[in-house]
2 protein chains.
Amino acid sequence: MNEDRSGTKDRLLDAAEDLFLHHGYEKVSIRELALAADVNIAAINYHFQGKDNLYREVIKRRFTVQRDRILLALEEVTIRHAGSPPLEDVIRSMVQGQLSDALSDIPAGNLFKLIVREVHTESRHSTALFLREMVAPVFRAFSDAMMQARPNLTQEQVDWIVASIIGQVHHFIGRWQKSRVLFDSSDDSVEVMLEAFPVLRQPVEQYVQQTTDHITQFSAAAIDALYPEVTS
Amino acid sequence: MNEDRSGTKDRLLDAAEDLFLHHGYEKVSIRELALAADVNIAAINYHFQGKDNLYREVIKRRFTVQRDRILLALEEVTIRHAGSPPLEDVIRSMVQGQLSDALSDIPAGNLFKLIVREVHTESRHSTALFLREMVAPVFRAFSDAMMQARPNLTQEQVDWIVASIIGQVHHFIGRWQKSRVLFDSSDDSVEVMLEAFPVLRQPVEQYVQQTTDHITQFSAAAIDALYPEVTS
DNA sequence: GACAAAATCAAACAACTGTTTTAATCTATG
DNA sequence: CATAGATTAAAACAGTTGTTTGATTTTGTC
């Protein structure tokens, strides 16, 4: 078989994931990719018909796994509570899932960093793919779970809430990454960040945990205060 | 005098602001810039000593104005209420200021789009400048105003809250821009966005207004629910 | 071991990048 | 009007980009 272990292909994907993540699509040349993966330059075009497609494959390789993980966590939390999950559990599933995937250093966790980059940039490399197959299903599942947790909410209200929560998640992911990038490049302006937000000094695990707690509590409190449950 | 109207310099700055905003720093070549501004290619290096510096100048031209506008609004709201401004007013000053600046189509409003791009990308073109002179002062002023509105909050609590609010603001800015970019490029995946968040169908002014209201109310509700005021 | 397919390699490709150079033109002041 | 300085212009520069070529090596199968 030719599909099992090419070696070259996988090394290329790994190196590409790492480099694209840390420096962005444009700033990484295929020569750097080839060097990092220890393959010939032509291998990129031989195995993946071009740089663009390599980028797409990097994403495709991970995103199904990650998407399904969150979808599963959301589904699990709703069926465990027989269709009426606690609001905080729903939010936590989503927030924790995204944060830990995005900030963990295991290779499998690099996807969300790429996605945040992709969404906030307008590089349009695979926008349709992202939106239709990755972002939209997760949003919809999150939306549905939240409506099961708080049936008194309208769809539009849930839309606003979901946007607020995702916005917070991405922002905290972005802060962490920015601080690490600045730190890695010994840019002294990292001190300005750390001073303004000392939580960034902590190790990843604690940052993920504290951020998850904050976003969950902050958002749940807002929801219940704005749209109080009607206890019949 | 040589400083008043060069013509070329200003046309270059205007074109650069527009192009950098819409396509990003890397994707815009100096030849495109020169064509759009209707100047010779060499003019970029003659007037700005390189592409990098032109980018920096584009930002410098706007950012002081914008920063001062928000700082003023925050200051004004605190002195009007004699040092204890209503929480919602403080949040609204910040949110409204950023949103309207970022999403209005007047040229003066392009800065924040560039900033969001700059912060969420790691292009590092003027990170220190941004953080130290633009982001940090605004964050600090926002932070201070909020502590005046709710003296019972600790600095750390305020830090978390500020991050949550800014995160929402940037996310809603990003959504709007993304939808417009997709729309402009007739990418049909814009439909996926609009379907998931129909508010994006509205004109700018209403989007800014509704988003401001939502973020303000959502965040204020969370704050008061999480950290209730002690009424002595 | 022979043979064909797959994979790797070094080299060259054409297109583009930001920047300089050199000459021509404009502009204001004497 | 003449002339010095500021500005524009066309062309060339050196370097990099993603991609392709054609030869060479490796791999698996009979």
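The values are calculated or read from the model by the stated rules, or taken from the named source; none is laboratory data. Just so we're clear, the structure is a prediction, and the values are computed from it rather than from any experiment. Ideal geometry is used to build each Cβ from the backbone, glycine not excepted, and the neighbour counts take in all protein chains shown. Just the protein is used for accessible areas: all its heavy atoms, side chains included, with ligands, DNA and RNA removed. Shrake-Rupley method; radii C 1.70, N 1.55, O 1.52, S 1.80 Å.
Observations, loosely collected:
- Magnitude of the charge dipole, chain B, Cβ model with Lys/Arg +1 and Asp/Glu -1, debye to 20: 460 debye
- The range B:1-94: relative contact order as a whole-number percent, Cα under 8 Å and 6+ apart: 23 percent
- Taking a straight line from the alpha carbon of B:K60, these lysines sit under 22 Å away, with near neighbours fewer than eight places off in the same chain left out: A:K178, B:K9, B:K27, B:K51, B:K113.
- Peptide A:168-174, shielding by other chains (average Cβ, 10 Å cutoff): 6
- Carbon-plus-sulfur accessible fraction, the protein assembly as shown (probe radius 1.4 Å, protein heavy atoms only): 52%.
- Remark: label point of B:N53 defined 7 Å out from Cα along the Cα-Cβ vector; separations to the same position in other copies 4.3 nm, ascending.
- Spin-label zone in the range A:167-203 - amide nitrogen under 11 Å from a point set 7 Å from the Cα of A:Q209 along the C-beta vector: A:203
- Between helix B:51-80 and chain B: long-axis angle, C-alpha atoms, 0 to 90°, nearest 10: 20 degrees
- Per residue solvent-accessible surface (Å²) - chain A, probe of 1.4 Å: 45 Å²
- Heavy-atom accessible area ranking, 1.4 Å probe, most first, across A:K51, A:K60: A:K60, A:K51
- Threshold 50 Å² - residues in the range A:22-58 whose accessible area is reduced by that much or more when the chain is no longer isolated, probe 1.4 Å: A:E26, A:K27
- The stretch between B:H81 and B:V65, if pulled fully straight at 0.36 nm per residue, gains 3.3 nm over its current Cα-Cα span.
- Inter-copy label distances for B:D68: 5.7 nm (label point placed 7 Å from Cα along Cα→Cβ; shortest first).
- Chain A: calculated mean residue ellipticity at 222 nm from DSSP helix runs of at least 4, using -39500 (n - 2.57): -23000 deg cm²/dmol
- Translational diffusion coefficient (Stokes-Einstein; Kirkwood radius from C-alpha pairs) of chain B at 20 °C, 1.002 mPa s, in µm²/s: 111 µm²/s
- Estimated FRET transfer efficiency when R0 is 30 angstrom, pair B:V181-A:S29 (beta carbons, to 0.05): 0.70
- Buried area at the B-A interface (accessible, heavy atoms, 1.4 Å probe, summed, Å²): 4900 Å²
- Each copy carries a label point for B:S104 at 7 Å from Cα along the beta-carbon vector; from one copy to the others these points are 4.6 nm apart, nearest first.
- Descending semi-axes in whole angstrom, ellipsoid equivalent of the protein assembly as shown, from the Cα gyration tensor: 35, 32, 20
- Neighbouring partner chain Cβ atoms per residue of B:208-218, average, 10 Å criterion: 3
- HN-Hα J in Hz across the range B:36-46 - Karplus 6.51, -1.76, 1.60, θ = phi - 60°, x for Gly and Pro: 5, 8, 6, 10, 6, 4, 5, 4, 4, 6, 5
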